[in-house]
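Sharing a structure with you now.
The values are calculated or read from the model by the stated rules, or taken from the named source; none is laboratory data. For clarity, every value in this text was computed on a predicted model and none was experimentally measured. Here the Cβ positions follow ideal geometry from the backbone for every residue, glycine too, while neighbour counts run over all protein chains shown. For accessibility, only protein heavy atoms count, side chains too; no ligands or nucleic acids. Shrake-Rupley method; radii C 1.70, N 1.55, O 1.52, S 1.80 Å.
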Amino acid sequence: MSVVYYAKYEIDSVSQGKVYNSIEEVPERKIGLVLGCSKYLSNGRKNLYFQQRIDAAKELYFSDKVKFLLVSGDNSTKYYDEPTTMKKDLIALGVPGNKIYCDYAGLSTLDSVVRTKEVFKENQFIVISQGFHVRRAIYLGLAHDIDLIGYAPQGVSGLGSLKTELRECLARGKALLDVKFLNRQPKFLGEPVIIK
């Protein structure tokens with residue numbers, strides 16, 4: 001249990017002052033990185049975490065806080081494609097398709113963050129997700145010499161959020177191991193993609 005507490009302390013300390021909840025306070029950056037998740041829950045209901053990320057990304061774009069959005073997530077089977085789903089939903093909300101880039105190999109938070117630097121050649125960007133997730137992404141990014149901040153305007157409450165918080169404890173412990181001991185890198189890299 002002490003590892004869990006240490007991971008929480010370490011990640012919260014490192015990300016202190018880098019997470020913004022108000023659109024007016026967010027510094028401008030070229031890129032907003034939207035971290036992926038499933039649009040629907042296993043029971044078929046819409047996933048509030050997904051919808052909040054899409055709404056936050058739209059808000060950043062239309063507030064001129066970012067010029068482009070990079071949607072990053074899992075595309076490991078032809079039946080499951082987080083980046084394409086995110087892009088379609090953002091286009092439906094009015095974001096121009098040519099301002100949205102897809103990262104189809106964002107298999108984990110570490111993959112999404114590090115690939116933004118190594119594949120998409122962007123070292124300064126805003127991570128878009130819920131607060132706990134943004135903090136972990138910032139921790140991972142800073143460990144890879146990436147200058148990133150986060151935008152997390154909302155949270156989810158209820159039983160679903162409790163399960164997510166429990167999973168986050170494990171995810172933070174893993175992030176600590178990845179950074180401090182394993183030096184884990186993205187599963188896939190690939191040819192550079194220039195966002196312009």
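Taking θ = phi - 60°, what integer Hz values does the Karplus form 6.51 cos²θ - 1.76 cosθ + 1.60 yield along segment 121-131, in sequence order, with x for Gly and Pro?
Each residue's phi maps through the Karplus curve to give 6, 10, 10, 10, 7, 9, 8, 10, 5, 6, x Hz.
Extent of segment 47-124 along each principal axis, from alpha carbon coordinates, in Å, largest to smallest?
Taking the Cα atoms of segment 47-124, the three principal extents are 30, 29, 22 Å.
Using a 1.4 Å probe over the heavy atoms of the protein chains, calculate the carbon and sulfur portion of the accessible area of the chain as a whole percent.
Its accessible area is 55 percent carbon and sulfur atoms.
How high is the relative contact order of segment 10-142? Use alpha-carbon pairs under 8 Å, at least six apart in sequence, and give a whole percent.
32
Antiparallel versus total DSSP beta bridges in the chain: what percent is that, nearest 5?
Percent antiparallel among DSSP bridges in the chain is about 15.
Would you mind getting the Kirkwood hydrodynamic radius of segment 88-196 from its Cα pairs, rounded to one decimal in Å?
Kirkwood hydrodynamic radius for segment 88-196: 15.2 Å.
Lys and Arg at +1, Asp and Glu at -1: add these up for the other residues within a Cβ distance under 15 Å of Lys8 and post the number.
Here the count lands on +2.
Just the ratio, please: alpha-carbon radius of gyration of the chain over 2.2 N^0.38 Å, N its number of residues.
The value comes to 0.96.
Anyone know which of Arg53, Arg115, Arg29 comes out most mobile in the 10 Å Cα GNM of the chain?
Largest GNM mean-square fluctuation: Arg29.
Shifting gears a bit: Could you give the dipole magnitude of the chain about its Cα centre, charging the beta-carbon of Lys and Arg +1 and that of Asp and Glu -1, in debye to the nearest 20?
With only Lys, Arg, Asp and Glu charged at Cβ, the dipole is about 360 debye.
Could you check the simple spin-label distance between Thr164 and Asp147, using points 7 Å along Cα→Cβ, in nm with one decimal?
It is 3.0 nm.
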